[in-house]
Amino acid sequence: MHHRLGVFAAHGLRQQGRPVPERYQEEERLAALAAMTARPTLERVLAHAGEPLLLVKGPELARHYPPETPKPYRDLDLVALDAPAVQRRLLAAGAEPVRDEPIRPDLHHEAPIVFPGLPMVVEVHRSLKWPDWAAPPPAAGLFERAAPAAGDERLLVLPAADHAVLAAAHAWAHLPLRRILDLLDVAVLLASGPGTKVSATALAHTWGVQRLWGTSLAAVEALFEGAPRPWPLRSWARDLPAARERTAVETALSRWLSPAACRPPAPALRAGGGALRRDLRRR
């Protein structure tokens, strides 16, 4: 469950004629609900947004997966050039905040909202969620690289190479090498066409996350292509090849050692040393 692979496990068990545990069936139901409600929610948003929007992750990532194993997701992430204005228009059109809390001014998206009768959560982004030690690519630059989705000028999507780097950086911003599904997303995007991996690697340099990308790519190749395990998968991220939850010791090691997997030596040493001092300081 931790690695969000229940849909794929359920499909494999059925193929073998074996019973599917209830927890995997629940993930299947959630994935099916997302697939059913994403398009109506998108249509409602696009009808009132007042400007083109860039769709990232969610259904755009899910369309690269086989239909028999739909990728689970929980919200629609839409980047806007004027996110506050789009948010105001959606609220005026009947959308409601998910939580009655003020939005933090430093957050990269507006308050999550839903439309009555549609359970899919919508987040209007000012920028992408990105590691705090790097600057996210500007929204205007992303829009320049995007193309209309299925001929709809109101909705834009990124090339697979861009999306792969975005997915890796976004997952890392939550937690370095967080779970197998995050790496599977990258693998599926890279398999979408020839030259995608080369383009993604070049773009990672442009966006300043080349070491993060290299580590993520090495983990993808180790997990899904039989390549040798990189050092994070032999130390603080051993939970990935074992397909289990990360232990407390591994979590602590990730705070101390993961900066070395994504940043140049000097900043990595400062970040890892700072994390170690904070963990050892008496509370």
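The values are calculated or read from the model by the stated rules, or taken from the named source; none is laboratory data. As the structure is a prediction and not an experimental result, all values here were calculated from the model. Positions of Cβ are backbone-derived with ideal geometry, glycine not excepted, and every protein chain shown enters the neighbour counts.
Numbers for the structure displayed
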{"item": "Members of segment 124-158 found to be surrounded by fewer than 18 Cβ atoms within 10 Å (Cβ to Cβ), aromatic (F, W, Y) and touching a helix residue (DSSP H, G or I) at 6+ places or on another chain (Cβ under 9 Å), listed by number", "result": "W133"}
{"item": "Segment 49-98, residues that are assigned to a strand (DSSP E or B), over 12 Å from the mean Cα position of the chain (by Cα) and farther than 17 Å from F143 by Cα", "result": "E96, P97"}
{"item": "Selection count, segment 189-210, where residues are out of contact with any helix residue (DSSP H, G or I) (no Cβ under 7 Å at 6 or more places or on another chain) and among the charged types (D, E, K, R)", "result": "0"}
{"item": "Test for A167: is it touching a helix residue (DSSP H, G or I) at 6+ places or on another chain (Cβ under 9 Å), free of Cβ contacts under 8 Å to residues at least 40 places away in the same chain and either basic (K, R) or not assigned by TED's automatic domain parsing to the domain that holds L76 (or both)", "result": "no"}
{"item": "Residue tally, condition part of a loop (DSSP other than H, G, I, E, B) and under 20 Å from the mean Cα position of the chain (by Cα), over segment 147-166", "result": "2"}
{"item": "Of all residues making up segment 75-100, the number that are in contact with a Gly (Cβ under 9 Å, 6 or more places away or on another chain) and at positive phi", "result": "0"}
{"item": "The lone exception for L177 - which of (1) over 17 Å from G58 (Cα atoms); (2) in contact with a Ser or Thr (Cβ under 6 Å, 6 or more places away or on another chain) it fails", "result": "(2)"}
{"item": "The lone exception for A218 - which of (1) under 15 Å from W172 (Cβ atoms); (2) in contact (Cβ under 8 Å) with a residue 60 or more places away in the chain; (3) of a type in the set (A, V, I, L, M, F, W, C) it fails", "result": "(2)"}
{"item": "Failed criterion for P194 (all others in (1) under 13 Å from A171 (Cβ atoms); (2) outside any helix (DSSP H, G or I); (3) not polar (S, T, N, Q) hold)", "result": "(1)"}
{"item": "Within segment 218-265, considering residues that are assigned to a helix (DSSP H, G or I) and among the basic types (K, R), the one nearest to the chain's Cα centre (by Cα)", "result": "R255"}
{"item": "Selection status of A237, touching a Ser or Thr at 6+ places or on another chain (Cβ under 9 Å), in contact (Cβ under 8 Å) with a residue 60 or more places away in the chain and assigned by TED's automatic domain parsing to the domain that holds A200", "result": "yes"}
{"item": "Scope segment 161-195; condition modelled with pLDDT under 95 and either of a type in the set (S, T, N, Q) or in contact with a strand residue (DSSP E or B) (Cβ under 7 Å, 6 or more places away or on another chain) (or both); matching residues", "result": "S192"}
{"item": "Tally of residues being of a type in the set (A, V, I, L, M, F, W, C), at pLDDT below 95 and surrounded by 13 or more Cβ atoms within 10 Å (Cβ to Cβ) across segment 237-252", "result": "2"}
{"item": "Qualifying residue in segment 9-25 (condition: under 16 Å from the mean Cα position of the chain (by Cα) and either more than 30 Å from I180 (Cα to Cα) or surrounded by 13 or more Cβ atoms within 10 Å (Cβ to Cβ) (or both))", "result": "no"}
{"item": "Filter pass, G208 being of a type in the set (G, A, S), in contact (Cβ under 8 Å) with a residue 12 or more places away in the chain and outside any helix (DSSP H, G or I)", "result": "yes"}
